[in-house]
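Following: one structure in structure tokens, then a few remarks.
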Amino acid sequence: MDGVHDLGGMQGFGPVEREENEPVFHAAWEAAVLAIMRAGGARGIFNIDEFRHGIERMDPAHYLRATYYEKWLDGVTRILVEKGVVGADELAARRAFFERHPAARPTDAVRGPLPARVPANPGWVQDVIRETDATPRFKPGDAVRTREMHPRGHTRLPRYARGKRGVIHRYHGVHVFPDTNAHGGGEQPQPLYSVRFDARELWGESAEPNQVVHIDLWESYLLAGGA
């Protein structure tokens, strides 16, 4: 989808400030958000593409000022409400409880027994390769052009790389297709390639000469020929 989250290749946002000796987490709540995200995915509540699309639907102004784990929290919360794991009213009540009792334990705001745990898949984030009889349309060295597309939903074809000429660098095998997996449309796996682009093809004369960019792209994003 075209949104403020798709910042690749855009200018005007200032330098990326690196924090010297940055800690893994700046506060305990950030670790808790990571745990919630990992647990929800591992137990099949959502997949990685649904999680990413949850973040993409943040209010644009909020997205631009939010920290990394604030974005995660916003996205996970949206998904858990949509999936019926927690109700919006229940969520508001729990938030109010912890505002009144900041030292309370996480379970203190839960009424009744906790739900039974379901089997977990700890490798769910990397569980994207599928063995199918799909035959790749392209091979390394083939010239390709990316589609000029503006989907309303999730996609892994960045805005700056649409309608651009490149060359197949490597074939990665058949992978789950994010554009359908994010919207309940099933995995619909298809061939995935590393595509090499000249930097000036992507950004014009403002790009440094003799530089290349590699982007992993699914087959349906690509057209034959670089013309």
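No value in this document is a laboratory result; all are computed from the given coordinates. All of these numbers come straight from a predicted model, not from anything done at the bench. FYI the Cβ positions are ideal-geometry reconstructions off the backbone, even for glycines, and counts take in every protein chain you see.
Loop-located GluC sites (Glu not before Pro) in the stretch 25-76 (DSSP state other than H, G, I, E, B) with a sparse environment of at most 12 neighbouring Cβ atoms within 10 Å are absent. The convex hull defined by the C-alpha atoms of the stretch 143-224 has an orientation-averaged projected area of 5.4 nm².
By the count of other C-beta atoms within 10 Å, a proxy for reagent exposure, LEU192, LEU80 are ordered fewest to most as LEU80, LEU192.
Between the entries [x] 117; [y] 158; [z] 167, the label attached to volume of the Cα convex hull per residue in Å³ calculated for this structure is [z]. Among the chymotrypsin sites (Phe, Trp or Tyr not before Pro) in the stretch 1-87, those placed in a DSSP loop whose Cβ has at most 16 other Cβ atoms within 10 Å are PHE13, PHE25. Work out the FRET efficiency for HIS101 and LYS139 from their Cβ-Cβ distance, taking R0 = 45 Å, and round it to the nearest 0.05. Working from the Cβ atoms, E equals 0.15. Computed about the Cα centre, the dipole magnitude for the chain is approximately 380 debye when only Lys and Arg (+1) and Asp and Glu (-1) carry charge, each at its Cβ. On full extension, the segment bounded by ASP2 and ALA199 gains 68.8 nm, given 0.36 nm per residue less the C-alpha separation. Label-to-label distance, ASP127 versus VAL85, with points set 7 angstrom from Cα along the beta-carbon direction: 1.5 nm. Residue exposure proxy: MET58, MET149, ordered by other Cβ atoms within 10 angstrom of their Cβ from fewest to most, comes out as MET149, MET58.
Extension gain, ALA120-TYR171: 0.36 nm per intervening residue step, less the Cα-Cα distance, totals 15.3 nm.
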